[in-house]
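The values are calculated or read from the model by the stated rules, or taken from the named source; none is laboratory data. Predicted model, so just to flag it, every value in this text is computed and none were measured. In this analysis, Cβ positions are derived from the backbone assuming ideal geometry, glycine residues included, and neighbour counts consider all displayed protein chains. Ligands, DNA and RNA are stripped out before the accessible areas are found, and what is left, the full protein with its side chains, is counted by its heavy atoms. Shrake-Rupley method; radii C 1.70, N 1.55, O 1.52, S 1.80 Å.
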Amino acid sequence: MKTFLFTILLVSNIPLFAQRSGVLDGIYVRENALGRKPITYNYESEANLMWMKRVWRVLDLREKINHSFYYPIDSRNGISNLITVIRNGICLDELTAFDPISDEFLYAFRGSEACGIGEWIDTLYLPDEDGNETPTEVKIDFQTENVLRFRIKEDWFFDHTRSVMEARIIGICPIEEMKDENGEYKGERALYWLYMPEMRHVLANQETPSRHNDVERRTYDDLFNKRIFSSYVYQDSNTFGRKITDYKTGLEALLEGRSIEKKMFDYEQDLWEY
């Protein structure tokens, strides 16, 4: 523990004597996503909507297709994982975090309060000038690797004027895994809800890692709008206002989510005659 703390103190002192070299790390300046604006949504009115369904999903970052949201754990080469981008936006007052007690964006956190969510104070016994160990409070930074899931709230709708079925993400909520001092899993908690239309400008200016081509840089806004991710449904809008886990468990709950998705896609297909 003493060696770990010494390393933290040493790293924290680096900016005191280090400065940027001005050396270009690569053969070109990355400017594709700099100042990029998100593609504007089509305007939708109530009169244009023939059908709509609200669903809630879980995006599990442990799935291979979702690794672009989870890595890199530590930011490098101007690339950060999704939770880091979100926290930076919150701490810079670019994003508003809403209380996770409701997904209706009713209660907003103050910027400083939301920025501190996930950080905690630990007590370490450190040697003083006399060599005696004394309890010292040390702030532990947010552990980005503990965010392994996101909840997504979205609306699926059919616009009869354009004859298209579309999905519109309304909000997302990062889920943190809680662990004790021994690293044992102790449960999970929702950190906060974020309003997607407000997030899009931030996401559109942040590149994501690519597995196949370092020149091809998608942004997080691209991944969400083009639906380049895997997820499963855990709730839909229904008469009883209940989640799938309220009446199904285990594999049956997963299959029920697949059934809800199939019904939505079947609705669109049934509108056409072949």
Max mean-square fluctuation residue, GNM over the chain, Cα-Cα springs under 10 Å, options 208, 245, 219: 245
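For a quick check of your reading of the filter: which trypsin sites (Lys or Arg not before Pro) in region 63-143 sit in a DSSP loop and have no more than 15 other Cβ atoms within 10 Å?
Loop-located and lightly packed - 110.
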Within the under-10-Å Cβ sphere about residue 158, not counting residue 158, Lys/Arg +1 and Asp/Glu -1 give a net charge of -1
A 1.4 Å probe over the protein heavy atoms gives region 143-188 a carbon and sulfur accessible-area percentage of 42
Which FRET efficiency value, to the nearest 0.05, is calculated for residue 243 and residue 105 with the Förster distance at 25 angstrom and r the Cβ-Cβ distance? 0.85
Mind listing which chymotrypsin sites (Phe, Trp or Tyr not before Pro) in region 39-76 are in a DSSP loop and have 10 or fewer other Cβ atoms within 10 Å? 43
List the cysteines in the chain whose Cβ has no other cysteine Cβ under 4.7 Å from it. 173
Mind checking which of 24, 255, 82 has the largest fluctuation in a GNM of the chain, springs on alpha carbons under 10 Å? 24
Note down the net charge around residue 183, summing +1 for each Lys or Arg and -1 for each Asp or Glu among other residues with Cβ under 13 Å from its Cβ. -3
Give, rounded to the nearest 20 debye, the magnitude of the charge dipole that region 116-271 has about its Cα centre when Lys and Arg contribute +1 at Cβ and Asp and Glu contribute -1 at Cβ. 1180
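I'm a student and want to see the number: the projected area of the Cα convex hull of region 80-138, averaged over all directions, in nm².
Taking a quarter of the hull surface, the average projection is 6.2 nm².
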Which whole number in µm²/s is D for region 34-93 by Stokes-Einstein, with the Kirkwood Rh taken over Cα pairs at 20 °C and 1.002 mPa s? 141
Over the residues of the chain, compute the C-alpha Rg and express it relative to 2.2 N^0.38 Å. 1.20
Gyration tensor verdict on region 179-245 (Cα atoms; rounded if a/c is under 1.5, prolate if a/b is larger than b/c, oblate otherwise): oblate
Probe radius 1.4 Å, ligands and nucleic acids ignored: give me the carbon and sulfur share of the accessible area of region 204-258 as a rounded percent. 47
Place +1 on the Cβ of every Lys and Arg and -1 on the Cβ of every Asp and Glu in region 156-239, take the dipole about the Cα centre, and give the residue among 165, 194, 239 whose Cα lies farthest towards its positive end. 165
Given GluC sites (Glu not before Pro), DSSP loops and at most 16 other Cβ atoms within 10 Å, the longest exposed-site-free stretch of the chain is 217-272
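Out of region 211-267, which trypsin sites (Lys or Arg not before Pro) are coil in DSSP terms and have no more than 12 other C-beta atoms within 10 Å?
Values: sites: 211, 217, 218, 226, 227, 242, 243, 248, 258, 262, 263; in loops: 211, 217, 218, 226, 227, 242, 248.
Answer by residue number: 211, 226, 227, 242.
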Have a look at 147, 23, 58 and tell me which one the Gaussian network model of the chain (Cα, springs below 10 Å) gives the largest fluctuation. 23
Can you work out the accessible area per residue across the chain, with the rest of the protein chains kept in place, probe 1.4 Å, in square angstrom? 64
Taking a crude spin-label model, label points 7 Å out from Cα along the C-beta direction, the residue 155 to residue 50 distance in nm is 1.8
